[in-house]
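Throughout, read-outs are computed from the coordinates displayed, never taken from laboratory work. Nothing here was measured: the structure is a model prediction, and the numbers come from that model. Cβ placement follows ideal geometry from the backbone for every residue including glycine, while neighbour counts extend to all protein chains displayed.
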Amino acid sequence: MRRSISIIILTGLIIVLTAALTAALMYINNQPVSNRGINQIFEVPAMEPDSAQWGLNFPNQYSTFLLTKTNQNRTKYGGSFPYSKLEINPRLVILYAGSGYDIDYNEERGHLNSLTDVRSIERINNKTPGTCYSCKSSDNPGLWAKMGMAEFDKTMFSELGKNINNPIGCANCHEASTMRLVVTNPALDEALKSQGKDWRTFTRQEMRTVVCANCHVEYYFAGEGKYLTFPWKNGTRIEDITAYYDNIGFKDWQHAISGAPMIKIQHPEYEMYTADSTHYRAGVSCADCHMPYTREGAAKFSTHDVKSPLLNANLACGACHRDVEYATYRAATIQSQVQMSMNVTEDALIAAIKTIKAASLKPDPDMKVLAEARQLHREAQMRWDFVAAENSMGFHNPEEALRILLSSADLARQAQLKAVQAAGSPAVIWNGSH
Ligand code: HEC
Ligand code: HEC
Ligand code: HEC
Ligand code: HEC
């Protein structure tokens, strides 16, 4: 009897130990290489803004990162050449009238140009808050830790600039002691929390996408303190974001022609990509396409020359697609389809803007109906801008981009009809009821 009890205890013990060992191994295997720590020759202080210091330990990542400074290649809809979007598409001057984006709006470039480029924007003036530095410098993590984000955002751009000397760098994405990927922007941490999420529990593959959301997202400046906020509380689809802004009655600017209270959407790459796109669903991360593994002699590392994957398709797409030529051909088809749909949407928006203006100049327009027309213009343009300001010309999520554009064009035509109605025109308008 005693013997069989000890056998049962012993067997139990073996089972428990085996399970614990398996769990530990599984845990270790699922950790990023970097969570186990990467051997470093030189010690880099926490949040060190100078990327050259990190580069001493990681020459391959550093030397490829330096290439982001000088890339100049263009692709049909992207690339690194800072051409003026307004010259390419003069309709934008009407669509963004009164926002500042109608004066100066350039195609973006590689990460190392972030500081030079933000300082040369003509929209920047002496009322510009420090918040505008939020996604431009590797000095930020250190400054946020020292002064807190509220104080950072409250400080004027010109004043804060005295403490900012470095463009984007290693400290924006990595923790120095372990080299693991981290959320460095407090606004992202808070936005995830508002949705009940904690990035510290994310897998390595999730971090390879979320780390880009430190910057490649839609945001606004909340309140007098211009506090950097991502409008994600209701979710990250355009409808959730629209509802968020409508609930708090927020506007970025008043449209100079239609008079509508407008939102300027920034660069919602993260939101667009994660809205159930084919690639996201398949578990593909931003880094898979924009930072593919590269070989230099015996070394294999993630290229840090982050740019259009179409300039690097053999590595960027070839890791998964055997027929790279076909994959890029499909990408081109998607982009031209989205571009064509966007043109049609822009025509509808401009028709709405001009009709609202014309109606407002009538002797006695119906102000209530005119306000409804302006609200529809706001909603329509927010949707269009979610696709237009997103930098992949629909590639990140073709179905979502086309869905949103269709809805935008519909809302724009509704806005136009409302304006006609506000003007008291005799035109016969079907109001949607039977
Ligand atoms: C399946 C591959 C793939 C994934 C995943 C992906 N992208 Fe892209 N991305 C592309 C392609 C293709 C383009 C279009 C480039 C062009 O038109 O030259 C692009 C364009 C961009 C651009 C504009 C580049 C330029 O040259 O103007 C940015 C910024 C960007 N992506 C960021 C992201 C972010 C952030 C994520 C994750 C949230 C992401 N991408 C996920 C393939 C990908
Ligand atoms: C600290 C903020 C920040 C982070 C984090 C960040 N980006 Fe960027 N990214 C920017 C800014 C700002 C620009 C535009 C720089 C300019 O035009 O001067 C940019 C530009 C780009 C471009 C365009 C490059 C070109 O040559 O036109 C791509 C592609 C891109 N980022 C992808 C990514 C991906 C993928 C990630 C995540 C692995 C990421 N970014 C993380 C801020 C950031
Ligand atoms: C825009 C964000 C971003 C910046 C800036 C950045 N990295 Fe990375 N880095 C990544 C991502 C994403 C990975 C892939 C991590 C993974 O697979 O777990 C990575 C991986 C690494 C790795 C692990 C090995 C490898 O190549 O995959 C090292 C080492 C590294 N980076 C060094 C650096 C250094 C040095 C700098 C500054 C010169 C830097 N990184 C700047 C995003 C960034
Ligand atoms: C990490 C793996 C991976 C990478 C990298 C990758 N893809 Fe894909 N791609 C997939 C998977 C998985 C699917 C969906 C299932 C399938 O069709 O095999 C897919 C589907 C597609 C589709 C059809 C779906 C759609 O959205 O229309 C196109 C087009 C495509 N990829 C193009 C590209 C291009 C272009 C690149 C490089 C810029 C690229 N992919 C990079 C894995 C990848």
Choice from Thr209, Thr236, Thr11 showing the highest fluctuation, given a GNM over the chain with Cα pairs closer than 10 Å: Thr11
³J(HN,Hα) computed for each position of the range 160-168 - Karplus, 6.51 cos²θ - 1.76 cosθ + 1.60, integer Hz, glycine/proline x: 4, x, 5, 9, 10, 10, 10, x, 3
Karplus-derived 3J(HN,Hα), 6.51/-1.76/1.60, for each residue of the range 209-226, Hz, glycine and proline x: 9, 5, 4, 6, 6, 4, 9, 7, 8, 7, 8, 8, 9, 8, x, 4, x, 6
Net dipole in debye of the range 154-235 [+1 Lys, Arg Cβ; -1 Asp, Glu Cβ; about Cα centre; nearest 20]: 140
Packing rank of 283-293, 95-105, where each peptide gets the mean count of other beta carbons within 10 Å, highest leading: 283-293, 95-105
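With a cut-off of 8 Å between alpha carbons and a minimum separation of six or more residues, what is the relative contact order of the range 300-385 in percent?
Reported relative contact order: 20 percent.
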Among Thr236, His255, Cys320 the positive-end extreme of the charge dipole of the range 223-322 (Cβ point charges): Cys320
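Calculate the tail of P(r) for the chain: the fraction of all Cα-Cα distances greater than 38 Å, expressed in %.
More than 38 Å apart: 30 percent of the Cα pairs in the chain.
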DSSP H segments from the chain that extend 24 Å or more along their own axis, Cα-based, with Kyte-Doolittle mean of -1.0 or above: 2-30, 324-360, 367-388, 398-422
Other-chain or far-sequence residues with amide H under 5 Å of Ala222's (modelled H): Tyr227, Leu228, Thr229
